[in-house]
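Asker: Structure in structure tokens, see below.
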Amino acid sequence: MHHYHRLAVWLIVLAGWCLVPGGLAQDLQAPRPIAALDSVFLEELTWMEVRDAIKAGKTTVIVGTGGIEPNGPYVALGKHNYVLQATTEAIARRLGNALVAPIIKFVPEGSIAPPAGHMQYPGTISVREETFEALLVDVCSSLKQHGFTDMVLIGDHGDNQRGMRAVAERLNKKWGEPPVIHFIPEYYAQDMWSYDYLKTLGVHQRPDVRAAARAGIHDDYHYDAIMATVDPQTIRTEQRLAAGLYSINGFDMSPPSKTIENGKKLVEYRANLTVAAIRKALEQKRPSRR
């Protein structure tokens, strides 16, 4: 009988777990037992930390879209994602009331079969436009469900812009006034590669960099410097130095410490432009906040 009693207990426990999706049975109102981590990245936080952050007024969330694509012989395929890792944190901290959703890394990069565009290069991952937009819809819907009142869409990749705009318009129409999805094209379009700002830092790339030079390898100082602030090896710093190729578009990037220093300035520059656009969008779409 003792054996059957233990079996019955286990069956009751298992039944309880099965009744709760994912086996979760945590008290949603339970106080956080330890201090919160100082991070703006959603995926680094616990659910309690996110809950408490929203209650404390962090009701804006940034949804960044990057990509996996070829960027010449020196730069990692995840270029856009590394850049967003740096810029989204700076933007969120400058806003003061924002968190950052996990970066959406899979975006349209060209026809898969037959391969076209970036898909001609090994390692590229592409998704259909409808897949990309469906993913954005589900991500934004999840965030809205948890209490975020403003979702900011920014893309570091040109081909992402149309889909983000379409999703923002579709969801705002579905959810009604006031708008909760804010597509911010300025992040990508306003001073896209910061050429004029770079000149103030003493960085002068070849005059034809906007055309032939950059198009030839899909790379430039702007991206290299920002990526170096996250991890210098994403731009193959050691290997390029050893090969005497630590330069881009005719500009010597030595020493690496100076490139990282300039990268941090570029991050702040991009963050300032974007925060100004976000605040303007909120003021225009929600006059009551003035």
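Residues are listed down the side, and each one gets a yes or a no for (1) surrounded by 16 or more Cβ atoms within 10 Å (Cβ to Cβ); (2) touching a residue at least 12 places away in the same chain (Cβ under 8 Å); (3) out of contact with any strand residue (DSSP E or B) (no Cβ under 8 Å at 6 or more places or on another chain); (4) not in a helix (DSSP H, G or I):
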{"residue": "E49", "(1), (2), (3), (4)": "yes, yes, yes, no"}
{"residue": "A53", "(1), (2), (3), (4)": "yes, yes, no, no"}
{"residue": "V61", "(1), (2), (3), (4)": "yes, yes, no, yes"}
{"residue": "P73", "(1), (2), (3), (4)": "no, yes, yes, yes"}
{"residue": "N81", "(1), (2), (3), (4)": "yes, yes, no, no"}
{"residue": "L84", "(1), (2), (3), (4)": "yes, yes, no, no"}
{"residue": "T88", "(1), (2), (3), (4)": "yes, yes, no, no"}
{"residue": "E133", "(1), (2), (3), (4)": "yes, yes, yes, no"}
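Asker: Inside the range 138-158, can you point out the residues that are of a type in the set (V, I, T) and buried (at least 23 other Cβ atoms within 10 Å of the Cβ)?
Answerer: V152, I154
Asker: Taking into account only those residues within the range 106-131 that are buried (at least 19 other Cβ atoms within 10 Å of the Cβ) and not aliphatic (A, V, I, L, M), which is nearest to N160 (Cα to Cα)?
Answerer: Per the stated criteria, the residue is P108.
Asker: Moving on. Show the residue pairs that are 6+ apart or on different chains and have beta-carbon atoms under 8 Å apart, the first residue being within the range 164-179 and of a type in the set (G, A, S), the second being assigned to a helix (DSSP H, G or I).
Answerer: Filtered contacts from the range 164-179: A166/E133.
Every number here is computed from the coordinates shown, using simple stated rules; none is lab data. All figures in this text were calculated on a predicted structure; none of them were measured in a lab. Ideal geometry is used to build each Cβ from the backbone, glycine not excepted, and the neighbour counts take in all protein chains shown.
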